[in-house]
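Peer 1: Can you read through this structure? Questions will come right after.
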Amino acid sequence: MVGVTGLSGRTALVTGAARGIGAAVADALAREGVSVAGVDIDVDGLKETADRTGGSVVPFPVDVTDQDAFARVVAEVERDLGPLDIGVSAAGVLHPASVGATSTEDWARTFAVNSTGVFFVLREISHRMVSRGRGALVTVGSNAAGVPRTGMAAYAASKAAATMLTRCLGLELAGSGVRCNIVSPGSTDTAMQRALWTDGNGPERVIAGDPAQFRVGIPLKRIADPADVADAVVFLVSDRARHITMQNLYVDGGATLCA
């Protein structure tokens with residue numbers, strides 16, 4: 001059933017669409033009647049997303065860190081599905097470690113996907129949108145970009161870079177009809193989050209917080225579902241958010257205390 005956001009008939013590209021938040025965003029947009037190009041390096045995961053949505057999500061396997069390959073995919077998407085109205089950057093990686101224990105390779109890979117990959121996505125899609133005088137771009141960031149986290153320096157720094165990149169682009173494009181915003185989730189029930197749970201009490205520990213790691217708990221007493229984040233993205237790319245740009249919407253149950 002098509003939703004009531006007014007998005008039906010539009011075309012979107014979503015990175016990280018094979019799993020987690022990216023897959024939830026692709027699903028949510030498809031339910032709104034959007035033709036979705038799902039981008040990821042996980043071919044099998046993309047097929048699952050496509051099958052789950054009855055083909056409303058079309059798989060376009062590519063590595064977002066390969067700028068030339070990504071540019072070719074965008075051209076293919078616009079040829080096959082139509083001009084892009086929406087772009088969502090949700091691809092991301094996490095290599096948890098203290099600063100001292102973070103390898104150069106993990107640092108480089110984290111920034112390649114979480115920052116440089118976002119740059120390639122925003123740059124390639126936005127110049128097409130500008131020429132048409134319309135479009136909405138959303139970057140899936142993290143509340144870790146605004147609050148220090150132990151053992152997550154590379155991830156937090158890369159998300160902070162992507163956040164500011166998106167806001168700067170939003171300022172540059174403010175007069176062109178293209179809006180750029182960020183959605184910053186907190187702890188969300190994804191494979192990435194579950195990989196951090198080293199015992200059977202993972203969710204409880206996250207909700208309660210950890211003073212030893214200077215980590216506040218979650219005031220709403222629940223871990224987000226990927227659909228919670230997807231709903232925020234759908235709002236921001238819809239005309240209901242037509243006067244919103246350069247904003248960072250936290251979807252973390254209050255975990256950052258609006259810091």
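The values are calculated or read from the model by the stated rules, or taken from the named source; none is laboratory data. These numbers come from a predicted model, not from an experiment. All Cβ positions, glycine included, derive from the backbone under ideal geometry; neighbour counts span all protein chains shown.
Peer 1: For the stretch 173-259, give me every one of the helices (runs of 4 or more DSSP H) that falls completely inside it and has 1 or more residues that are over 30 Å from ARG134 (Cβ atoms).
Peer 2: So the answer is 191-194, 202-208.
Peer 1: In the stretch 121-142, which residue that is touching a helix residue (DSSP H, G or I) at 6+ places or on another chain (Cβ under 7 Å) and not in a helix (DSSP H, G or I) is surrounded by the fewest Cβ atoms within 10 Å (Cβ to Cβ)?
Peer 2: Out of the qualifying residues, it is GLY135.
Peer 1: Just name the residue that is surrounded by the most Cβ atoms within 10 Å (Cβ to Cβ) out of those in the stretch 10-37 that are touching a residue at least 40 places away in the same chain (Cβ under 8 Å) and of a type in the set (Lys, Arg).
Peer 2: Once the filter is applied, the top-ranked residue is ARG10.
Peer 1: I'm told THR188 meets every condition in (1) in contact with a strand residue (DSSP E or B) (Cβ under 9 Å, 6 or more places away or on another chain); (2) modelled with pLDDT of 95 or more; (3) among the hydroxyl-bearing types (Ser, Thr, Tyr) except one. Can you identify the failing condition by its number?
Peer 2: (2)
Peer 1: Give me a count of the residues in the stretch 38-53 that are crowded, with 20+ Cβ neighbours inside 10 Å, among the charged types (D, E, K, R) and part of a helix (DSSP H, G or I).
Peer 2: 0
Residue by residue, here is whether (1) farther than 19 Å from MET129 by Cβ; (2) touching a residue at least 60 places away in the same chain (Cβ under 8 Å); (3) of a type outside the set (S, T, N, Q) holds:
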| site | (1), (2), (3) |
| --- | --- |
| ALA50 | yes, no, yes |
| VAL77 | no, yes, yes |
| SER89 | no, yes, no |
| VAL99 | yes, no, yes |
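Peer 1: Is at least one residue of the stretch 143-153 free of Cβ contacts under 8 Å to residues at least 24 places away in the same chain, closer than 19 Å to GLY254 by Cβ and part of a helix (DSSP H, G or I)?
Peer 2: Looking through the stretch 143-153, at least one residue is free of Cβ contacts under 8 Å to residues at least 24 places away in the same chain, closer than 19 Å to GLY254 by Cβ and part of a helix (DSSP H, G or I).
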